[in-house]
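Inspection log for the structure reproduced underneath, given as structure tokens.
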Amino acid sequence: MGGSVRDLLLGKVPKDFDVATSATPEEVQQVFPRCRLIGRRFRLAHVRKAGALIEVATFRAADPTSGDIEKLNGRILRDNVFGSVAEDAVRRDFTINALFLDPVSGEIRDYVGGYKDLTERRLRLIGDPEVRYREDPVRLLRAARFEAKLGVKPDESTEVPIRKMAPLLKDVPPARLFEEVCKLFLTGHGMRSMEALQRFGLSSTLFPGLRKGSGAGKIHLGVVLRKTLENTDERIRNSKPVTPAFLFAALLWQPVSETAGRLAEQGDSDYNAMMKAAEEAISAQAVRTSIPRRFSAVTRQIWVMQTRFKKTRGKRWKRLLHEQRFRAGYDFLLLRAQEDPSLEPLCEFWTKAQEGIDFSRRGAAGAEPRNRPRRRYRRRTQSG
């Protein structure tokens, strides 16, 4: 159902398959004892079968007037009113996500005109757009993501309210918005996603700490951010790994570099200035999108390494070559040089410094393998 049927019709390989049924979550659990019920807003059943996890949802009714439903300022907080397959189709967000495939007969069921919209590459909300956006403001970002990912264009009624409804994103939990940011920028269409966010005026709401751009709701896109998004898309096309840590390092670099520069002029060391600027930028962004510590810690290391790259005299610079995040920091330095040509000599130094070092031999954590056992030291005991 939904996205998997849509992707099949577009000739794409679905990321996964979701199942919808008339059975309630409790009834599904009776059939599959290993099933686990999850969700507060939507009760779902997670069924494990042959090592795979299958998400099973019960058909729900659209626009329920009674039952287990809770709203706040038009936003749905809980919705467990069960209904028919036709009612379930109507309560979904976009028509192209409301297609159902009968696994037995192979028949595609379309109750809202989603098949025609898909063939015409049109993105259309089901029902009153303002009401649907208010029910779940993440649909604003989904409109931008589908335009970038699928090449569909919102119709006028779907697009017009987006800019006005952008402030609703402030009410979405930061953890959920972090997941949406990853879907926007780390799935192979990051640059197109940013262009869609800019066009819809959603960028400044999603990234409040960034410098405003020319136009309502837009941000200033520096060279580092643009190149990072383009390179990330290229890595995904080549089946190379990507990480949110590097993405956020590029996204927030502009306020970090400006704040660090100001603090350094006021007398802070480069290291302290960078650490303070990093904490300020990450804290400001966490109001909108939380960044898990396992990623924010790496982001900080990438930024701090930029100050350490300046120290090229003596022998201590050699230690930097063997640090865990050296390669990420070096790649970030190369991106900065495309925006600031004065960094090119520094890039040349660190490029030559890596000659003869085999980074592919590093372990899973990126650490250089040890060639000899660690020396053991015996603790001295105080005589007396």
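The values are calculated or read from the model by the stated rules, or taken from the named source; none is laboratory data. Remember, it's a predicted structure, so these values are computed and weren't measured experimentally. Ideal geometry is used to build each Cβ from the backbone, glycine not excepted, and the neighbour counts take in all protein chains shown.
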**OP:** Please specify each residue of the range 11-22 satisfying the condition of being assigned to a loop (DSSP other than H, G, I, E, B) and crowded, with 16+ Cβ neighbours inside 10 Å.
**Re:** 17
Original post:
Here is a list of conditions, (1) assigned to a loop (DSSP other than H, G, I, E, B); (2) at pLDDT 85 or above; (3) out of contact with any strand residue (DSSP E or B) (no Cβ under 7 Å at 6 or more places or on another chain), and residue 8 meets all of them except one; can you say which number that is?
Top reply: (1)
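This table checks each residue for (1) in contact with a strand residue (DSSP E or B) (Cβ under 8 Å, 6 or more places away or on another chain); (2) assigned to a helix (DSSP H, G or I); (3) not β-branched (Val, Ile, Thr).
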| position | (1), (2), (3) |
| --- | --- |
| 130 | no, yes, yes |
| 143 | yes, yes, yes |
| 163 | no, yes, yes |
| 181 | no, yes, no |
| 184 | no, yes, yes |
Original post:
Which residue, of 151, 114, is more than 23 Å from residue 88 (Cα to Cα) and among the small types (Gly, Ala, Ser)?
Top reply: 151
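Condition check ((1) free of Cβ contacts under 8 Å to residues at least 12 places away in the same chain; (2) out of contact with any helix residue (DSSP H, G or I) (no Cβ under 9 Å at 6 or more places or on another chain)) across all residues:
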residue	(1), (2)
295	no, no
301	no, no
314	yes, yes
329	no, no
335	no, no
339	no, no
343	yes, no
354	no, no
Original post:
Out of the residues in the range 253-278 that are among the hydroxyl-bearing types (Ser, Thr, Tyr) and either surrounded by 15 or more Cβ atoms within 10 Å (Cβ to Cβ) or not assigned by TED's automatic domain parsing to the domain that holds residue 301 (or both), which is nearest to the chain's Cα centre (by Cα)?
Top reply: 257
**OP:** Considering only the range 188-207, state which residues are part of a loop (DSSP other than H, G, I, E, B), within 22 Å of residue 162 (Cβ to Cβ) and in contact (Cβ under 8 Å) with a residue 40 or more places away in the chain.
**Re:** 189, 202, 207
Original post:
List pairs: first in the range 17-38 and assigned by TED's automatic domain parsing to the domain that holds residue 100 and within 11 Å of residue 82 (Cβ to Cβ), second buried (at least 16 other Cβ atoms within 10 Å of the Cβ) and among the basic types (Lys, Arg), Cβ under 6 Å, 6+ apart or cross-chain?
Top reply: 25/43
Subject >> Residue ID - surrounded by the fewest Cβ atoms within 10 Å (Cβ to Cβ), chosen from residues in the range 220-245 that are in contact with a Gly (Cβ under 6 Å, 6 or more places away or on another chain) and among the aliphatic types (A, V, I, L, M) >> reply: 236
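Given the residues 209, 217, which is the only one that is on the phi > 0 side of the Ramachandran plot, buried (at least 18 other Cβ atoms within 10 Å of the Cβ) and not assigned by TED's automatic domain parsing to the domain that holds residue 329? Please lay out each step first, then the result.
Details: 209 fails: on the phi > 0 side of the Ramachandran plot.
So the residue among 209, 217 that is on the phi > 0 side of the Ramachandran plot, buried (at least 18 other Cβ atoms within 10 Å of the Cβ) and not assigned by TED's automatic domain parsing to the domain that holds residue 329 is 217.
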